[in-house]
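Data first, discussion second: the structure below is written as structure tokens.
The values are calculated or read from the model by the stated rules, or taken from the named source; none is laboratory data. Computed from a predicted model, the values in this text were never measured in an experiment. Glycine gets a Cβ as well: all are built from the backbone with ideal geometry, and neighbour counts include every protein chain shown.
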Amino acid sequence: MALDVSKLIRAALAEDLGGQGDVTTAALVPPDAVVTAYFVTRRAGLVAGLEIIGQVFDVLSAVIPAQAGGRVEIHYHAKDGDFVVPQTRLATVTGSAAAILTAERTALNFITHLSGIATATHTLQQKIAHTKAKVCDTRKTTPGLRELEKYAVRCGGGANHRMGLFDMVMIKDNHIAVLGGNITAAIAKARAAQPGLTIAVEVESLDQLRTALSARADRIMLDNMPVPIMREAVEITANQAILEATGGVNADNIAAIAETGVDFISVGAITHSAPALDIGLDFAENI
């Protein structure tokens, strides 16, 4: 994984350790105790963020080397994007028992969350695999974790929408309302201000769609359109712009939406509501 999440890990460890450290491990575990443990899946899913495990131990050894009690060796048995069954060993960690016990929850919090997002994305993408449509994310992400969560979406076979407010002009209904409902003026102003960026606009009717096409929008979001109207929108557009279905998408209707011929289907739930994938740490021996 190309992501460097050391700052996030430092914050997570600081939150967990407070000013006192891992008081239970410090009280009970001999500093020279060495163990082997396995990160193991409890249910099937698609994994993401596995290399964060190693980064957690690296950061821990730098933050509190005395309590960490030494280095931890890691051997990975799976890679990001792999679909795994229950009881799959994802990684083996060998070394300081204190370090493994102290870092366990921080590492698990990252990989269970990201693997949950990857799994949710994969599940939806599989439902539309017979179409050209691609599941994509939104800006409905956990503050501070957007880059990681969007990485997990890619691991799950989905696509990333804009990263933030800076890399795409997205004209939504509230922007249009400020301009008195004038979609043409909104697109023209956006094009003049940001000529190098994709101009996307949200529409709620076929009339608005036609207006957006006439104004040469690059990407048009069909907001909460019924499937028959969406199908008509695809015919009207005739590949003049990228079409994205948005609003009210779920596992029950995503196939019908994809079959209309849209290019993308945005689903905020894959980041803001994906359940964590159940992964645990099993010790191979008692300390």
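Just one of the numbered conditions (1) buried (at least 16 other Cβ atoms within 10 Å of the Cβ); (2) among the aliphatic types (A, V, I, L, M); (3) in a loop (DSSP other than H, G, I, E, B) is not true of ALA251; which one?
(1)
For the stretch 142-155, give me each residue that is within 23 Å of ASP82 (Cβ to Cβ) and under 8 Å from the mean Cα position of the chain (by Cα).
GLU147, LEU148, GLU149, LYS150, TYR151, ALA152, VAL153, ARG154
Got at least one residue in the stretch 210-218 being exposed (fewer than 14 other Cβ atoms within 10 Å of the Cβ), farther than 30 Å from THR92 by Cα and among the hydroxyl-bearing types (Ser, Thr, Tyr)?
Checked the stretch 210-218: at least one residue is exposed (fewer than 14 other Cβ atoms within 10 Å of the Cβ), farther than 30 Å from THR92 by Cα and among the hydroxyl-bearing types (Ser, Thr, Tyr).
Every residue, every condition in (1) out of contact with any strand residue (DSSP E or B) (no Cβ under 6 Å at 6 or more places or on another chain); (2) more than 24 Å from GLN125 (Cβ to Cβ), yes or no:
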{"residue": "VAL169", "(1), (2)": "no, yes"}
{"residue": "ALA177", "(1), (2)": "yes, yes"}
{"residue": "ALA185", "(1), (2)": "yes, yes"}
{"residue": "ALA190", "(1), (2)": "no, yes"}
{"residue": "GLU204", "(1), (2)": "no, yes"}
{"residue": "ARG219", "(1), (2)": "no, no"}
{"residue": "ALA245", "(1), (2)": "no, no"}
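Taking the stated definitions as given, is LEU108 modelled with pLDDT of 95 or more, surrounded by fewer than 24 Cβ atoms within 10 Å (Cβ to Cβ) and outside any helix (DSSP H, G or I)?
No: the conditions fail for LEU108.
So which of LEU3, LEU50, LEU28 ends up being surrounded by 18 or more Cβ atoms within 10 Å (Cβ to Cβ) and either on the phi < 0 side of the Ramachandran plot or assigned by TED's automatic domain parsing to the domain that holds PRO143 (or both)?
Testing whether each residue is surrounded by 18 or more Cβ atoms within 10 Å (Cβ to Cβ) and either on the phi < 0 side of the Ramachandran plot or assigned by TED's automatic domain parsing to the domain that holds PRO143 (or both) leaves just LEU50.
Tell me, which residue of the stretch 153-204 that is modelled with pLDDT of 95 or more and in contact with a Cys (Cβ under 7 Å, 6 or more places away or on another chain) is surrounded by the most Cβ atoms within 10 Å (Cβ to Cβ)?
Filtering first and then ranking leaves GLY158.
So for the stretch 217-235 (the condition being touching a Cys at 6+ places or on another chain (Cβ under 9 Å) and closer than 24 Å to ASN160 by Cβ), does at least one residue qualify?
No.
Looking at (1) loosely packed, with under 14 Cβ neighbours inside 10 Å; (2) at pLDDT below 95, can you tell me which one LYS79 breaks?
(2)
Kindly indicate whether any position in the stretch 207-215 is of a type in the set (Asp, Glu) and within 28 Å of the chain's Cα centre (by Cα).
For the stretch 207-215, residues of a type in the set (Asp, Glu) and within 28 Å of the chain's Cα centre (by Cα): absent.
Looking for something among the aromatic types (Phe, Trp, Tyr), closer than 23 Å to THR123 by Cβ, modelled with pLDDT of 95 or more and not assigned by TED's automatic domain parsing to the domain that holds GLU149 - is there at least one such residue anywhere in the stretch 83-99?
yes
Pull out all pairs, ordered by first then second residue, where Cβ-Cβ is under 7 Å, the residues are six or more apart or on different chains, the first lies in the stretch 245-272 and is of a type in the set (Gly, Ala, Ser), and the second is modelled with pLDDT under 95.
SER266/HIS161
Please go through the stretch 131-149 and pick out each residue that is in contact (Cβ under 8 Å) with a residue 12 or more places away in the chain, surrounded by fewer than 21 Cβ atoms within 10 Å (Cβ to Cβ) and not β-branched (Val, Ile, Thr).
LYS132, LYS134, ARG139, LYS140, GLY144, LEU145, ARG146, GLU147 - these are the residues of the stretch 131-149 that are in contact (Cβ under 8 Å) with a residue 12 or more places away in the chain, surrounded by fewer than 21 Cβ atoms within 10 Å (Cβ to Cβ) and not β-branched (Val, Ile, Thr).
Of the conditions (1) at pLDDT 95 or above; (2) closer than 30 Å to VAL34 by Cα; (3) out of contact with any helix residue (DSSP H, G or I) (no Cβ under 9 Å at 6 or more places or on another chain); (4) of a type in the set (D, E, K, R), GLU285 clears all except one; give me its number.
(1)
Exactly one condition in (1) modelled with pLDDT of 95 or more; (2) farther than 15 Å from THR106 by Cα; (3) part of a strand (DSSP E or B) is false for PHE39; which is it?
Every condition holds for PHE39 apart from (2).
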